[in-house]
Structure formats: C-alpha cells, structure tokens
Amino acid sequence: MRSSNPVFSRRFGRDNGGYAGFDAGQRAGSVPQGAPYAGAHPYAQNPYAQQPANPYAQNPYAQGGPDLQTGYPQAPSVPDRMTMDDVVARTGMTLGLVVVAAAAAWLVNLPLFVGFGAMIVAAVLAIVQTFKQRPVPALILGYAAFEGLFLGVLSKAYNSIAAGAPMQAVLGTMAVFVGVLVAYRTGLIKVNRRFVGFVTAAAIGFVLLMLVNLMVGVFAGGTGLGLRSGAVGIGVGIFAVLLGAAFLALDFKQVEDGVRYGAPREESWFAAFGLTMSLVWIYVELLRLVQLLNQD
C-alpha cells in the first residue's frame with residue numbers, strides 16, 4: 001500500500017525497523033498553471049485504507065507466567081515516538097518562518113522576478129526533501145523561507161489589484177483549516193479508500209487541466225482556455241479550495257496514524273512539511289478567488 005500524503009508517502013513508506021504498516025510510497029511535486037506555488041499535491045493510494053496492524057500489539061506475556069528468578073519479560077525498547085506536541089511544534093516553526101519571510105518580502109517590496117525566483121528555489125527544495133529517506137530540517141525550513149518570500153511578493157501584487165485580498169485570504173485559510181479539523185474530528189469527514197480515490201482522481205484531473213491551460217496560453221496567447229478568469233475562473237477557484245481542504249483531511253489522517261502506530265519522532269518534520277504545503281495551496285487559491293470576486 002502507498003501513502004496518500006505527499007510528504008509521508010516516502011517517510012511512512014519505508015521499512016522503519018519495527019514500525020509495521022508503513023510501506024513504500026512516493027509523491028511528485030508539480031506547479032500547475034494558475035497555482036504558482038511549490039509543492040502541489042498529486043496523491044497516491046492511501047496505506048491506511050486497510051488499517052495496518054499495531055506493531056506493539058503482541059503481548060510479551062502471552063505465553064506463560066513470570067520466571068521465578070527473572071520475573072516478567074522486559075518490554076521491548078522502542079525509539080522516541082512522534083507525538084502530537086512534536087507535530088504542533090514543528091508545524092508552528094515552519095509556518096512561522098513562512099509568515100516572517102512573507103512579511104519581510106512585503107515590507108522590503110521585493111520585485112516580482114525575485115519572488116518567482118524564490119518560488120523556483122522553494123520547489124526545488126521541496127522536491128529534494130521529498131526524495132530524501134530522512135527529514136532534513138534545513139531543507140524544510142529553507143523551503144518555508146523561500147516559499148514565504150514568494151508569498152509576500154505575490155500577496156503584495158494582489159493587494160495592489162484588490163485591496164485587502166491578502167488579509168481575506170489569510171482569514172479564509174484559517175477558517176478552512178479549523179472547519180476541516182472539526183469535521184475530521186467529529187467524523188463528518190471519513191478518510192477511507194473511496195475518499196482517497198476521489199481525491200486522487202480530482203488532483204490528477206486538476207493538474208492535467210491546468211497544464212493544458214498553460215500550454216494553450218503559451219502557444220495561442222491570451223488566458224489559455226480561460227479557466228482562471230471570469231465566472232469559470234471563480235468555479236475553478238472554489239474547486240481548488242475544496243481540493244486543498246481534502247488534502248488537509250488526508251494530512252490529519254496521516255498524522256493521527258503516525259502518532260497511533262509509533263512513527264519515529266523525526267517524522268514530525270514531515271508532518272509539518274505536508275501541512276504547510278496544504279495551507280499554502282489553500283491560501284494561494286483563496287487569494288486568486290478573492291481577487292476574481294472583487295474584480296467581478
């Protein structure tokens with residue numbers, strides 16, 4: 001089975017030496033037309049559609065009682081496990097760096113070409129980290145810094161077109177995050193095989209459609225197929241935000257299962273990485289959507 005999370009697909013996908021239920025997987029990162037940010041989320045199959053067995057479920061005391069001289073058998077030792085506190089701390093650090101870098105780019109008023117250069121660097125760092133067998137905090141934090149620079153430049157540009165759009169997009173991103181978290185925790189969203197299949201198909205279709213739109217725009221000029229403007233653009237933007245919300249639900253599932261089944265503590269860096277990319281996706285799509293709504 002493969003992971004549905006674009007970050008955990010390689011982390012929980014390898015043999016962790018006793019962490020059963022985490023098989024090999026891989027994600028690809030792409031930047032579709034109309035979503036100029038690093039780390040798009042084409043999802044693979046979910047390894048949790050069929051729940052893996054708990055590697056610590058075996059009872060060391062199942063056979064016989066204690067030895068009269070040595071006592072009960074010693075419980076197997078395990079390395080530090082990932083906790084929810086670890087995920088929150090790393091995610092706060094990564095997102096905090098994104099915000100600080102974006103604020104700096106806004107205040108310094110970096111030109112557009114610098115912002116898009118930062119986007120390319122962030123995409124490269126994200127791809128390199130994705131194919132690493134272990135998390136490298138320097139790569140993840142570097143991705144966050146360059147992604148923040150790009151978002152600061154992009155937000156400044158959108159604010160000049162539609163005043164207040166960045167703040168509305170920030171509030172909207174927070175609302176989507178809280179809404180998906182509440183829906184996931186209350187069981188309104190159930191991440192199962194059918195859900196993962198739908199998100200996979202939707203993500204692949206969206207990426208291919210944006211690539212076609214980009215190619216038409218490059219060779220035919222104009223706005224391509226017109227998928228990012230007018231009423232059609234609003235509809236595409238709403239769909240993209242909903243797709244980002246689905247990514248968040250998959251992220252929450254991966255974090256929950258990683259904590260439950262004792263993933264190593266270092267995996268919390270990948271949890272922060274995946275959550276950050278999902279939130280960046282949602283923010284950029286909301287930024288574009290707010291601009292279109294104000295324009296209309």
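The values are calculated or read from the model by the stated rules, or taken from the named source; none is laboratory data. A quick note: this is a predicted structure, and the numbers were derived from the prediction, not measured. Glycine also receives a Cβ, built like all others from the backbone with ideal geometry; neighbour counts cover every protein chain displayed. Quick note on the areas: whole protein, heavy atoms, side chains included, nothing else; ligands and nucleic acids left out. Shrake-Rupley method; radii C 1.70, N 1.55, O 1.52, S 1.80 Å.
Just a few scattered comments:
- The numbered conditions (1) in contact (Cβ under 8 Å) with a residue 60 or more places away in the chain; (2) more than 16 Å from V170 (Cα to Cα); (3) surrounded by fewer than 24 Cβ atoms within 10 Å (Cβ to Cβ) are all true for A245 except (2).
- One residue from V191, V170 being in a helix (DSSP H, G or I) and closer than 21 Å to V241 by Cα: V170
- Filtered by the rule that a residue be under 14 Å from L287 (Cα atoms) and in contact (Cβ under 8 Å) with a residue 40 or more places away in the chain, the stretch 170-204 gives V170, G172, T173, V176.
- Unique residue being over 18 Å from V98 (Cα atoms) and surrounded by 13 or more Cβ atoms within 10 Å (Cβ to Cβ) when the list is R134, R185, R194: R134
- Residues in the stretch 263-277 include none that are on the phi > 0 side of the Ramachandran plot, out of contact with any Leu (no Cβ under 7 Å at 6 or more places or on another chain), open to solvent by 20 Å² or more (accessible area, probe 1.4 Å) and part of a helix (DSSP H, G or I).
- Test: residue in the stretch 224-238 that is more than 24 Å from P166 (Cα to Cα), assigned to a helix (DSSP H, G or I) and more than 16 Å from the chain's Cα centre (by Cα): no
- Some residue of the stretch 111-118 being surrounded by fewer than 22 Cβ atoms within 10 Å (Cβ to Cβ), assigned to a helix (DSSP H, G or I), under 20 Å from the mean Cα position of the chain (by Cα) and at pLDDT 95 or above: no
- Verdict on L248 being modelled with pLDDT of 95 or more, part of a helix (DSSP H, G or I) and either within 30 Å of I140 (Cα to Cα) or over 11 Å from the mean Cα position of the chain (by Cα) (or both): yes
- Applying a threshold of 7 Å to beta carbon distances and a minimum spacing of six or more residues, or different chains, the list of pairs starting in the stretch 205-232 at a residue that is within 18 Å of E285 (Cβ to Cβ) and free of Cβ contacts under 8 Å to residues at least 12 places away in the same chain and ending at one that is of a type outside the set (A, V, I, L, M, F, W, C) and in a loop (DSSP other than H, G, I, E, B) reads T223/S229; V232/G226.
- Every condition in (1) free of Cβ contacts under 8 Å to residues at least 12 places away in the same chain; (2) open to solvent by less than 80 Å² (accessible area, probe 1.4 Å) holds for M167 except the one numbered (2).
- Only listed residue being assigned to a helix (DSSP H, G or I) and open to solvent by 20 Å² or more (accessible area, probe 1.4 Å), chosen from V178, V153: V178
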